[in-house]
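These notes concern the structure reproduced below.
The values are calculated or read from the model by the stated rules, or taken from the named source; none is laboratory data. Computed from a predicted structure; not experimentally measured. Here the Cβ positions follow ideal geometry from the backbone for every residue, glycine too, while neighbour counts run over all protein chains shown.
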Amino acid sequence: MVSPSGRNTECLDFLRQPGLQRMWQLVRKKYESYGRVAGTIRLSGLREEERQALEGLFATNMLGRSDFRFRLAELERALQETRFQVSIKDCLCLLYGDEWMTRQEQREIEQRTWERFCRWALQFGGKEELKIWIEQLSAGLGGGYRVFLECYRDYCEKGDSPDWAIALGALQQLPARNERLPVFAARTTGDPHGLDRSTLAGRIFYWGMLALQSQYRLRSEPDVQESGRTSVQEDGFKETRSTVEADPTSDNTLESISQSEVIRAQYALSGIVLDDISSIVWVAGWGEYAKDPVALPLLAVERLDQAALPSVSEVFVVENPSIFGALLDRGLQTGSPLPFPLLCTSGQPSLAALRLLDKITDGQSRIYYSGDFDVKGLVMAIGLSQRYGSRFIPWRLDAETYRSAVRSHFPPFSEAEIQVLERMQVPWDDRLLEVMRESGKKVFQEQILDLLLKVWEERMG
């Protein structure tokens, strides 16, 4: 390479002349791709300044030419014959600095960085089960590989990953008895929310907890949920096709209903109690709550003795509190207790609502459900239908009701919502989705209240 002197400046001036800029951009890509002097470059649509610069460099007549093709080996010889006597690699280093390197060199550096990170991560393992888990992650396998990659990115930027150290430290201190997650997190991390699943440390803790339980299952399948390293074109790592259980920390609307129960049980196996106060359900017309409505938290629902609960043949469930209140008002006007339970989910059914439905119904109980005629309302209804099967009965949630209620001034579906409706399947009414798509309007429970009240009064006798 040219020596670090005034000749470097002269050489750079020569290389940076406007007529060679486009050529060097293509040469850089080609050289990075091959890692050596190989391949052919084609320049088309040549400008006059490019013709002059190429003619001087290659010592060839460019008069009237609109394109020029050359092999990198020819460029290498031409550069050696200049007064600077440089190579293509010398020129690329001068033009783009010492950070310029071939893809192979990039891969080698990334591989060494990955290995340093994996050794660093392993030192926090402590328990043998965690060390095995970390070794699997280091090989691009195992549950939680995505969060491991997040820690790797932190390590590349900062030289460490504080979230990894925090989570692994907490995993060494799992309680021998039941302890609520915020209390445990405050004791082990100094922050009551330090192990929430919305944080990186919380996600690491979750997957490490499963590793300690030996519950995560690794299997080779083409349908990847937690995949291994990304492709070599992306970051220099060879893609690994591996699969574990789908990440239950996600909040997909349909899946989150049952996943929250699975997650709660997984934490409980490690002595960790998740929030059972914030999840509530409104209920009236049942047992000691026959007259006045009450909001039951999950904690109270789980403590109900199912064997001692009064049996019910039917339950009415509504999505919106305003409808719950209107039905309750109409029922109380009779002066008699409601003859059947009335529940309100207040939107997406909470775990408290689902567990209460599980407890107060049996295989013969009917669950009447009414919700909004929009994407979220249908998703909730479909989820309940899947959970309770033939016991689920849609309550004025059909094409006939929709058609009778919809008006031109009602809020429209967005294009994205229409696309979701096109992919949906409603098991109880084949016409409903077609009618909703044709109309393009949303209908809410408040707009069919009179129809709901009519059924409600009939059922009350």
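On the stretch given as segment 429-459, residues that are in a helix (DSSP H, G or I) and small (Gly, Ala, Ser) total 1. Screening segment 62-71 for residues that are in contact with a helix residue (DSSP H, G or I) (Cβ under 8 Å, 6 or more places away or on another chain) and at pLDDT below 95 and picking the one that is surrounded by the fewest Cβ atoms within 10 Å (Cβ to Cβ) gives LEU63. Taking the options VAL420, VAL426, name whichever one is more than 20 Å from PHE324 (Cα to Cα), in a loop (DSSP other than H, G, I, E, B) and among the β-branched types (Val, Ile, Thr). Among VAL420, VAL426, only VAL426 is more than 20 Å from PHE324 (Cα to Cα), in a loop (DSSP other than H, G, I, E, B) and among the β-branched types (Val, Ile, Thr).
Just give me the residues in segment 188-203 being assigned to a helix (DSSP H, G or I) and at pLDDT below 95, in sequence order. Once the filter is applied, which keeps residues that are assigned to a helix (DSSP H, G or I) and at pLDDT below 95, segment 188-203 yields nothing.
As a summary of the residue check, PHE444 satisfies the conditions (1) over 21 Å from ASN320 (Cβ atoms); (2) touching a Phe, Trp or Tyr at 6+ places or on another chain (Cβ under 8 Å) except for the one numbered (1). If you go through segment 348-372 and keep only what is among the small types (Gly, Ala, Ser), farther than 16 Å from SER258 by Cβ and surrounded by fewer than 23 Cβ atoms within 10 Å (Cβ to Cβ), you end up with GLY363, SER365. One residue stands out in segment 292-324 among those that are under 32 Å from the mean Cα position of the chain (by Cα) and assigned to a helix (DSSP H, G or I): the one that is nearest to THR334 (Cα to Cα), namely PRO321. Selection of first residues in segment 44-61 that are at positive phi and of second residues that are crowded, with 16+ Cβ neighbours inside 10 Å, restricted to Cβ pairs under 8 Å at least 6 apart or on distinct chains, gives the following pairs, ordered by first then second residue: ALA59/ALA78.
Could you pull out the residue among LEU95, LEU137, LEU141 that is surrounded by 18 or more Cβ atoms within 10 Å (Cβ to Cβ) and assigned by TED's automatic domain parsing to the domain that holds MET23? Walk me through how you get there before you give the answer.
Numbers: LEU137 fails: assigned by TED's automatic domain parsing to the domain that holds MET23; LEU141 fails: assigned by TED's automatic domain parsing to the domain that holds MET23.
Within the list LEU95, LEU137, LEU141, the selection yields LEU95.
Being surrounded by 15 or more Cβ atoms within 10 Å (Cβ to Cβ) and in contact with a strand residue (DSSP E or B) (Cβ under 9 Å, 6 or more places away or on another chain) narrows it down to one of GLU179, GLU150, so name that one. Steps first, answer last, please.
Details: GLU150 fails: in contact with a strand residue (DSSP E or B) (Cβ under 9 Å, 6 or more places away or on another chain).
The conditions single out GLU179.
Scanning segment 15-60 for residues that are surrounded by fewer than 16 Cβ atoms within 10 Å (Cβ to Cβ), hydroxyl-bearing (Ser, Thr, Tyr) and in a helix (DSSP H, G or I) turns up SER33, TYR34. Answer with yes or no whether LEU378 is over 30 Å from GLY331 (Cα atoms), among the aliphatic types (A, V, I, L, M), surrounded by 17 or more Cβ atoms within 10 Å (Cβ to Cβ) and within 31 Å of the chain's Cα centre (by Cα). No: the conditions fail for LEU378. For SER404, the stated conditions do not hold, so it cannot be described as surrounded by fewer than 16 Cβ atoms within 10 Å (Cβ to Cβ) and over 17 Å from LEU433 (Cα atoms).
Only one of (1) touching a helix residue (DSSP H, G or I) at 6+ places or on another chain (Cβ under 8 Å); (2) part of a strand (DSSP E or B) fails for ARG396. Which number is that? The number of the failed condition is (2).
A quick yes/no check of all residues on (1) outside any helix (DSSP H, G or I); (2) touching a Ser or Thr at 6+ places or on another chain (Cβ under 6 Å):
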{"site": "CYS93", "(1), (2)": "no, no"}
{"site": "ARG107", "(1), (2)": "no, no"}
{"site": "ARG112", "(1), (2)": "no, no"}
{"site": "ARG116", "(1), (2)": "no, no"}
{"site": "ILE132", "(1), (2)": "no, no"}
{"site": "LEU141", "(1), (2)": "yes, yes"}
{"site": "PHE148", "(1), (2)": "no, no"}
{"site": "CYS151", "(1), (2)": "no, yes"}
{"site": "ASP163", "(1), (2)": "no, no"}
